[in-house]
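Student: Would you mind keeping the following structure in view while I ask a few things?
The values are calculated or read from the model by the stated rules, or taken from the named source; none is laboratory data. Predicted model only: the values in this text are computed from it and were never measured. Methodologically, a virtual Cβ is constructed for each residue, glycine included, from the backbone with ideal geometry; neighbour enumeration extends over all protein chains shown. Only protein heavy atoms, including side chains, enter the accessible area calculation; ligands, DNA and RNA are left aside. Shrake-Rupley method; radii C 1.70, N 1.55, O 1.52, S 1.80 Å.
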Amino acid sequence: MSKRDQDDLQLLDSPASGPAPQPCIAQDIDLTRAPNEAEWLARLDEIGDELDPLAGGFTALGKHHAALYSDGNDTLLVTFENIATIRTREADHRPLGFTHAQRRGWSSLTIMARQSRWFRDPEISDYFDAQIDAGFFDGFRRVLFYGEGMCGYAACAFSLAAPGATVLAIAPQATLDPEIAGWDRRFMAARRLDFRSRFGFAPAMLDGGRGAFIVHDPARKLDLMHATLFRRPFVTLLRTPDLGKDTGAALARLGVLAPMIDAAAQGKITHELFYTLMRARRTDASYLERLTRRCAKLGRHPALTLAAARFALAQSDSRKLRKCLRKAEKRLSP
């Protein structure tokens, strides 16, 4: 690893320039006890009320979406998030972008979805057009758009609203227009949505940005095909093989998602830095089990399977791993 990347790793936990990180806003408002989505949104609206009404707050965007803005320093983190994911993955049930930005002293804009509509409702495009007209994004020195899957698609698509922004997207779809991505049959209902109007084809919306980083698992063929549609000179494709079905959740479990967001916001992501962070896989039981099973399935390298199984079992006992180990030992026995 280069000296520059070593220095960047040490700096990733340092907040960007500006005011010091703020304490958690409205700590007395407990989102974890909201019995349903409507009550959760009502409590988030209360948090918005505690923000400076001139600098932030909660905004409903039609029936299916909402926005939460919090003012901080001159770095803006724009995240697209699914409400169901927030309420199941985040310990405090607060949006990832809102919480991360608070810890760093950044400004944050979180666009939240109640349903899987790929942020194609006209209220979303109208909202971003209004921000463009108001020169909202011009007031920030650094802007990072972030999202995963459907939300990663939106992060890429709406980054057009902030020329010079950076994008970090985890396993995003490029489009669900059946004439372009008819091979992706995972989201059949979403094909009826309009992916041809403004902010429609996500890869084309990246042209005015500072750079985009598309993280994907090449073992997931449909995610790989979407990633290929993003291939452009200013787009960096970052591979995360064998992390499983939910790449974003795996990165969070490994403890590398937050450093990746920090690196992207600070303009410090490189291939070498990314794969240095991904060394955390070496002690992750889920990753090691999938790696061992893939080696065993290929069947061409029993010695590699044996070594992988022994190392994985040292991290976590597993019946499937023991089975792989026995098969590899049998193949290698004289």
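Student: Which residues, counting only those in segment 141-160, are out of contact with any strand residue (DSSP E or B) (no Cβ under 8 Å at 6 or more places or on another chain) and open to solvent by less than 10 Å² (accessible area, probe 1.4 Å)?
Tutor: Across segment 141-160, the qualifying residue is only 157.
Student: Collect the residues in segment 54-84 that are of a type in the set (Val, Ile, Thr) and free of Cβ contacts under 8 Å to residues at least 60 places away in the same chain, keeping them in residue-number order. Break it down stepwise before answering.
Tutor: If we filter segment 54-84 for residues that are of a type in the set (Val, Ile, Thr), which is where we start, we get 59, 75, 78-79, 83.
Listed by number, the list holds a single entry, 83.
Student: How about segment 177-198: which of its residues are surrounded by 14 or more Cβ atoms within 10 Å (Cβ to Cβ), within 16 Å of residue 117 (Cβ to Cβ) and without any contact (Cβ under 8 Å) to a residue 24 or more places away in the chain?
Tutor: Matches in segment 177-198: 191 only.
Student: Just to be sure I understand the filter: pairs with C-beta atoms under 7 Å, separated by 6 or more residues or on different chains, first member in segment 269-281 and buried (at least 20 other Cβ atoms within 10 Å of the Cβ), second member among the polar types (S, T, N, Q). Which pairs pass?
Tutor: Matching pairs, first to second residue: 278/240.
Student: Within segment 214-272, track down each residue that is more than 27 Å from residue 98 (Cα to Cα), in a loop (DSSP other than H, G, I, E, B) and of a type outside the set (A, V, I, L, M, F, W, C).
Tutor: Of everything in segment 214-272, those that are more than 27 Å from residue 98 (Cα to Cα), in a loop (DSSP other than H, G, I, E, B) and of a type outside the set (A, V, I, L, M, F, W, C) turn out to be 218, 220, 231, 232, 233, 241, 242.
Student: Surrounded by fewer than 18 Cβ atoms within 10 Å (Cβ to Cβ) and touching a strand residue (DSSP E or B) at 6+ places or on another chain (Cβ under 9 Å), is that true of residue 218?
Tutor: Spelling it out, residue 218 is indeed surrounded by fewer than 18 Cβ atoms within 10 Å (Cβ to Cβ) and touching a strand residue (DSSP E or B) at 6+ places or on another chain (Cβ under 9 Å).
Student: Considering only segment 97-213, give the strands (runs of 3 or more DSSP E) lying wholly within it that have at least 1 residues that are over 25 Å from residue 86 (Cβ atoms) and within 19 Å of the chain's Cα centre (by Cα).
Tutor: Qualifying strands (runs of 3 or more DSSP E): none found.
Student: In segment 162-176, what count of residues is obtained for those that are open to solvent by less than 10 Å² (accessible area, probe 1.4 Å), of a type outside the set (Val, Ile, Thr) and either touching a residue at least 60 places away in the same chain (Cβ under 8 Å) or out of contact with any His (no Cβ under 8 Å at 6 or more places or on another chain) (or both)?
Tutor: Number satisfying all stated conditions: 5.
Student: Something else: Go through the residues of segment 183-198 one by one and say whether even a single one is at pLDDT 95 or above, within 20 Å of residue 145 (Cα to Cα) and among the aliphatic types (A, V, I, L, M).
Tutor: No, segment 183-198 contains no residue that is at pLDDT 95 or above, within 20 Å of residue 145 (Cα to Cα) and among the aliphatic types (A, V, I, L, M).
Student: Just give me the residues in segment 179-222 being farther than 22 Å from residue 78 by Cβ and β-branched (Val, Ile, Thr), in sequence order.
Tutor: 180
Student: What number of residues within segment 93-116 satisfy the criterion of being touching a His at 6+ places or on another chain (Cβ under 9 Å) and surrounded by 19 or more Cβ atoms within 10 Å (Cβ to Cβ)?
Tutor: Qualifying residue count for the region: 5.
Student: For residue 121, all conditions in the list (1) touching a Lys or Arg at 6+ places or on another chain (Cβ under 9 Å); (2) closer than 30 Å to residue 243 by Cα hold save one; what is the number of the exception?
Tutor: (2)
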